[in-house]
Amino acid sequence: MDVLRKFADKDHRVLELVYKENYPSVLHYILKNSGDENDAKDIFQEALLATWLNVAEGRFTAQSGSSLGGYIFQIARFKWLDKLKSTSHRSVMRIVSNDIPHTAESDTEMELRHIQEARIEEMEVMYQNLGEKCKVILSRFYYEKKSLTEIGAELDCDPDTLRTLKYRCMMQLRKMADAKKADNLKQNEF
């Protein structure tokens, strides 16, 4: 429990320990599944950030039934599979069947969809408030699915520096999201 609190508080010793203990398994997995070391670094950093966000927001706790390392690995594995699917998606023709029955959306599903759409709109506003360089890096990485090496070549920047810039941009988004969350909590108090 103490490790999770220190992890959420960005204790550098705990972050280093988590990195040293968990990066090798993610690296091994990605190398065995058509990736390289740069892919592993990118995916691990994304998984670590996602885990940190989930721990900080209370969506992952010691009672969640999984170890922190196992949780990080699962996120990294899913992110890697998504990346593999997205790159292979470009060369695969999709077949859409009209035989799939459509079900009516329940009130709960509709409400969840509206909440999700509102959160997406909030994220788009926050994204627009980022600097131009951050917008370019994040849009090329997440929307155009380009590697940091490709983006670095386009922006005349080495991949390691770009990885750091991407992380800082994500942290700027996180700060904006935290500020928005704090504002919402203050509004709900009154």
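The values are calculated or read from the model by the stated rules, or taken from the named source; none is laboratory data. These numbers were taken from a predicted model, which means no experiment stands behind them. Cβ atoms come from the backbone with ideal geometry, glycine included; neighbour counts cover every protein chain shown.
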Q) Of everything in the stretch 132-147 that's surrounded by fewer than 12 Cβ atoms within 10 Å (Cβ to Cβ) and assigned to a helix (DSSP H, G or I), which residue is modelled with the highest pLDDT? A) GLU132
Q | Any chance GLU150 is modelled with pLDDT of 70 or more and within 23 Å of ASP36 (Cβ to Cβ) | A | yes
Q.
Take the residues in the stretch 65-81 that are within 18 Å of the chain's Cα centre (by Cα) and of a type in the set (Gly, Ala, Ser); name whichever of them is nearest to LYS166 (Cα to Cα).
A. ALA76
Q) Which of the residues belonging to the stretch 65-80 are over 14 Å from VAL3 (Cβ atoms), modelled with pLDDT of 85 or more and either not assigned by TED's automatic domain parsing to the domain that holds GLU21 or not aromatic (Phe, Trp, Tyr) (or both)? A) GLN74, ILE75, ALA76, ARG77, LYS79
(Q) For the stretch 1-64, give me every one of the helices (runs of 4 or more DSSP H) that falls completely inside it and has 3 or more residues that are modelled with pLDDT under 90 and over 18 Å from the mean Cα position of the chain (by Cα). (A) 2-8, 12-32
Q: Using the structure shown, decide if ASN129 is at pLDDT 85 or above, over 27 Å from LEU27 (Cβ atoms) and not aromatic (Phe, Trp, Tyr).
A: yes
